[in-house]
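All of the numbers you see were taken from the coordinates with simple rules; none came from a lab. Just so it is clear, the structure is predicted and the values come from calculations on it, not from any experiment. Positions of Cβ are generated from backbone atoms using ideal geometry, with glycine treated the same way; all protein chains shown enter the neighbour counts.
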Amino acid sequence: MNRVLCWFSCGAASAYSAKLAIEKYGDLVEVVYCDTLKYEHPDNLRFMHDCEKWFGKKIELIRSTKYSDIYDVFDKTGWLVGPAGARCTTELKKLVRRKYQKEDDLHIFGYTVEESNRKHQLMIGEPDLKCEFPLIEKGITKRNCLEALYSAGIEIPAMYRLGYPNNNCIGCVKGGAGYWNKIRFDFPDAFEKMAKQERKMNVAINKRMDGEKRIPIFLDELPVNMGRIESEPNIECGVLCLS
């Protein structure tokens, strides 16, 4: 085994899985983050530094050499989001991870027990990857991860404190109507920027049903009372995403 790569995402689960891996493998561990900080909450940098102190080691930042940020991906690829998923995730995280990894690396992924289906999807999609899922193996939930951070004296990231279930870019193209209405309230500049990007590309993130037809709804036309973020699917974004 050459290296143990813990894939950090500025989320509670990836942080706790990295801590467990360091306790198990020690100096073999590299904690690695695919850098998308530009469109994440600025508190993520504080959280990252707190985690470095907890881990007793620096977090390695790696990034795309082809694209500068998510909007660069949108503009150059002409792809916002669709049935195949989010191109920004593929270009800025998944492909960056693949370029960094080596054949004999062991990968540590922070899936909780609620996400066992995503583990199986990953193993099917990348069968040659040598992986461990310490949270699933130990029966650890997302709530347990948040409790572990609290016990370590680490304040959880701001996006969790604001009521978002995940700590993605501010204005994730995987989000539904309820998510985007919360972004409109909490981060109006981010909402406006994505609304303009939709019109520029003539692609709408959200849809509504009209009989059996899915009708696009652009963000600048989104009813303020449409959707509930609590009922929307998980929009976790990370190097292990298959979409």
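Details
- Qualifying residue in the range 60-75 (condition: touching a strand residue (DSSP E or B) at 6+ places or on another chain (Cβ under 9 Å) and under 23 Å from Leu149 (Cα atoms)): yes
- Within the range 20-48, the set of residues being among the acidic types (Asp, Glu), surrounded by fewer than 18 Cβ atoms within 10 Å (Cβ to Cβ) and assigned to a loop (DSSP other than H, G, I, E, B) comprises Asp35 only.
- Entry remark, the range 184-215: residues being farther than 20 Å from Asn168 by Cβ and of a type in the set (Gly, Ala, Ser) number 1 in total.
- Top-ranked residue in the range 198-214 [being surrounded by 15 or more Cβ atoms within 10 Å (Cβ to Cβ) and hydrophobic (A, V, I, L, M, F, W, C); ranked as nearest to Gly227 (Cα to Cα)]: Ile205
- Answer residue from the range 49-60, given it is of a type outside the set (Phe, Trp, Tyr) and free of Cβ contacts under 8 Å to residues at least 40 places away in the same chain and is surrounded by the most Cβ atoms within 10 Å (Cβ to Cβ) among those: Lys57
- Failed condition for Asp69, given (1) of a type outside the set (S, T, N, Q); (2) free of Cβ contacts under 8 Å to residues at least 24 places away in the same chain; (3) under 18 Å from Gly171 (Cβ atoms): (2)
- Hits in the range 1-19 (condition: surrounded by fewer than 18 Cβ atoms within 10 Å (Cβ to Cβ) and either among the charged types (D, E, K, R) or closer than 22 Å to Arg143 by Cα (or both)): Arg3
- Considering residues of the range 156-197 that are without any contact (Cβ under 8 Å) to a residue 60 or more places away in the chain and part of a loop (DSSP other than H, G, I, E, B) only, the residue surrounded by the fewest Cβ atoms within 10 Å (Cβ to Cβ): Leu162
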